[in-house]
Amino acid sequence: MSVIERLDTYLQRVGDRPRVLVKITTDDGIDGWAEVYNHGPDLAFPPLLEYLFEQIKGIDARRTSYVSQLLLQSSRFPPGAIGLAALAAIDHALWDIAGKAAGMPVYQLLGGAVRDRVRVYAGLYSAPDIPQLVDRTSELHEEYGFTAFKLSPYRADLHRHRFGVVAAELGRYFGEVRESHPADVEFAFDAHACLWSPQQAVALGAALAANEPLFLEEPIRPEHLPAWARIRSELSAISVPLATGESLYSPYEFLGLLTAQGADIVQPDICVVGGLTQMIKIAHLAEAHYVPVAPHNPLGPLATAANVHFAAATTNFSILEFKPDPVSWCHDPYEPRDGHLELRPDRPGWGITIDESSLAKDDWVHWERRVPVKPDGSTAWM
């Protein structure tokens with residue numbers, strides 16, 4: 001056995017965002033690593049992880065499904081963003097240990113690879129002027145081979161213009177984006193749940209339709225599933241794929257979305273839904289509904305590594321979000337070549353190494369969300 005003996009946390013960063021790293025060590029000296037998707041309050045994670053660790057100390061680290069279920073059942077009420085992010089980190093550290101104990105990549109423990117490499121798109125998260133956009137996409141294509149990118153759909157200020165102006169400006173912009181790039185380059189648009197009206201979501205999709213977006217992501221909040229069914233029905237009529245899922249927490253919530261036929265593409269975040277163990281369940285549900293999975297992943301090397309192994313073994317995986325952000329604590333991250341992340345069949349566990357010497361000193365940055373304020377003083381979604 002490889003018994004769980006110790007848990008350590010480290011306060012680090014990925015780009016300008018704080019990140020808690022987690023190391024679990026077994027009694028036979030195997031280390032497993034993970035990163036936490038910090039939702040805030042960020043500094044709540046180390047004590048929460050210590051609390052959870054006391055419940056699993058002494059258990060065989062290779063019993064990933066058992067530990068996942070145990071921690072889910074130890075909560076009287078369904079855990080939300082913070083609880084599931086902590087559970088995901090523990091789950092991922094244990095999968096890393098399981099792979100290393102077996103001497104094979106994690107994807108081999110999931111039934112083996114169904115693909116040789118994992119396609120990625122670059123998250124840009126803004127809507128630059130065309131010259132700046134062309135410079136950036138050309139640079140990313142030359143360095144990494146990207147042929148797909150994700151932009152913001154908001155060229156005009158959403159809260160200070162008539163919505164028709166916002167939609168019309170998007171339509172013009174996407175037309176110019178298409179004209180300035182090769183025909184095979186794909187563009188997705190992330191509306192970031194800033195809209196409140198399903199009608200506006202449909203209008204946003206209609207503005208994109210003529211130029212065939214890869215998908216329109218999360219135009220509204222996820223709570224009211226009939227609204228998603230309505231939006232998808234209307235966007236399907238104009239061939240605009242609707243994607244969502246980063247704000248959903250469990251297989252049960254994804255089942256509700258899929259049953260309502262509310263999405264063409266689901267985007268669970270492996271660090272939000274409770275980890276790889278729960279992510280696999282969500283993918284199976286989506287597959288049964290003929291829906292592909294394009295994981296949400298604006299994170300660092302450890303989250304990307306977990307996604308690579310998930311994607312390698314998942315038949316209905318389609319494309320993975322990737323944000324180039326070098327870090328001091330990982331010198332061999334998965335990086336795109338020809339727009340794909342290559343599998344590492346000769347490396348056990350996640351297939352990357354963590355430079356512990358760089359973790360000796362905290363490298364923490366404070367970050368918090370800023371809620372937009374409308375002209376009348378009321379707050380808006382962001």
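Of Arg232, Arg160, Arg62, the residue with the greatest mean-square motion in the GNM of the chain, using alpha carbon springs below 10 Å, is Arg160.
Projecting the Cα atoms of Ile352, Ile90, Phe254 onto the dipole axis of the chain, where Lys and Arg carry +1 and Asp and Glu carry -1 at the beta carbon, places Phe254 farthest toward the positive end. Based on the inverse mean of 1/r over its pairs of different Cα atoms, what is the Kirkwood hydrodynamic radius of region 1-40, in Å? Averaging 1/r across every pair of different Cα atoms and inverting gives 11.1 Å. Estimated from the Cβ-Cβ distance and a Förster radius of 22 angstrom, the FRET efficiency linking His289 and Ser239 is about 0.70.
Counting only DSSP beta bridges with both residues in the chain, what percent are antiparallel, rounded to the nearest 5? Walk me through the numbers before you get to the answer.
Values: 21 of 40 bridges.
Roughly 50 percent of the beta bridges in the chain run antiparallel, per DSSP.
Heavy-atom accessible surface of region 3-105, averaged per residue, reaches 40 Å², computed with a 1.4 Å probe. In terms of the Cα gyration tensor, with a ≥ b ≥ c the square roots of its eigenvalues, is region 3-105 rounded because a/c is under 1.5, prolate because a/b exceeds b/c, or oblate? The shape class here is oblate. Magnitude of the Cβ-charge dipole of region 3-105, K/R +1 and D/E -1, about the Cα centre, nearest 20 debye? Computed about the Cα centre, the dipole is about 200 debye. Listed by chain and number, the lysines whose C-alpha is less than 28 Å from the C-alpha of Lys57, apart from same-chain residues fewer than 8 away, are Lys23, Lys100, Lys281, Lys361.
Legend: calculated FRET efficiency, Val373 to Glu143, from the Cβ-Cβ distance at R0 = 41 Å, rounded to 0.05, equals 0.60. Along region 368-381 the Karplus relation, 6.51 cos²θ - 1.76 cosθ + 1.60 evaluated at θ = phi - 60°, assigns HN-Hα couplings of 8, 6, 10, 7, x, 10, 6, x, 8, x, 7, 8, 10, 6 Hz to successive residues, with x for each Gly and Pro. Structural descriptor for the chain: relative contact order 22 percent, calculated from alpha carbon pairs under 8 angstrom and at least 6 residues apart.
Of the residues Trp350, Trp33, Trp329, the one that moves most in a GNM of the chain with alpha-carbon contacts below 10 Å is Trp329. Computed about the Cα centre, the dipole magnitude for the chain is approximately 860 debye when only Lys and Arg (+1) and Asp and Glu (-1) carry charge, each at its Cβ. The HN-Hα couplings worked out from phi for region 303-308 by the Karplus form 6.51 cos²θ - 1.76 cosθ + 1.60 (θ = phi - 60°) are 5, 4, 4, 4, 5, 4 Hz, whole numbers, x standing for Gly and Pro.
Less than 5 angstrom separates the built amide H of Ala34 from those of Val22, all sequence-distant by 5 or more or on a different chain.
Calculate, in whole percent, how much of the Cα-Cα pair population of the chain lies beyond 36 Å.
Counting every Cα pair in the chain, those more than 36 Å apart make up 22 percent.
Ranking of His159, His192 by solvent-accessible surface, largest first: His192, His159 (1.4 Å probe, protein heavy atoms only, all chains present). The angle between the Cα long axis of helix 276-288 and the longest principal axis of the Cα atoms of the chain comes to about 50 degrees, rounded to the nearest 10. Taking the chain as a Gaussian network, where each spring joins two C-alpha atoms under 10 Å apart, which residue of Ile97, Ile282, Ile354 fluctuates the most? Judging by the Gaussian network model, the answer is Ile354.
Residues of region 185-222 falling in the label zone of Arg136, defined by backbone nitrogen less than 11 Å from a point 7 Å along Cα to beta-carbon, are absent. Listed values for region 157-162 are Karplus-derived 3J(HN,Hα) couplings in whole Hz (6.51 cos²θ - 1.76 cosθ + 1.60, θ = phi - 60°), namely 4, 4, 9, 10, 9, 4, and x replaces Gly and Pro. Rounded to the nearest 10 degrees, the inclination of helix 163-179 to the longest alpha-carbon principal axis of the chain is 80 degrees.
Please compute the net charge surrounding Gly58, taking Lys and Arg as +1 and Asp and Glu as -1 over other residues with Cβ under 14 Å from its Cβ. Overall, the nearby charge balance is -1. With the cut-off at under 20 Å, measuring from each backbone N in region 3-28 to a point 7 Å along the Cα-to-Cβ line of Leu43 picks out 8-14, 16-22. Ligands, DNA and RNA left out, the accessible area of the chain computed with a 1.4 Å probe is 51% carbon and sulfur. Amide hydrogen proximity for Phe187: with H placed 1.01 Å from N in the peptide plane, the residues at 5 or more positions away or on another chain lying under 5 Å are Phe149, Leu214.
The lysines within cross-link reach of Lys323, meaning a Cα-to-Cα straight distance under 22 Å and a gap of 8 or more places when in the same chain, are Lys150. Taking Cα atoms only, the orientation of helix 64-73 departs from the longest principal axis of the chain by about 70 degrees. Its relative contact order, with pairs defined as Cα atoms under 8 Å and 6+ residues apart, puts region 3-105 at 32 percent.
The values are calculated or read from the model by the stated rules, or taken from the named source; none is laboratory data. Quick caveat: nothing in here was measured; it's all calculated off a predicted structure. Neighbour counts run over all protein chains shown; Cβ positions are idealised from the backbone, glycine included. Side chains are part of the model used for accessible areas, which takes the heavy atoms of the whole protein and leaves out ligands, DNA and RNA. Shrake-Rupley method; radii C 1.70, N 1.55, O 1.52, S 1.80 Å.
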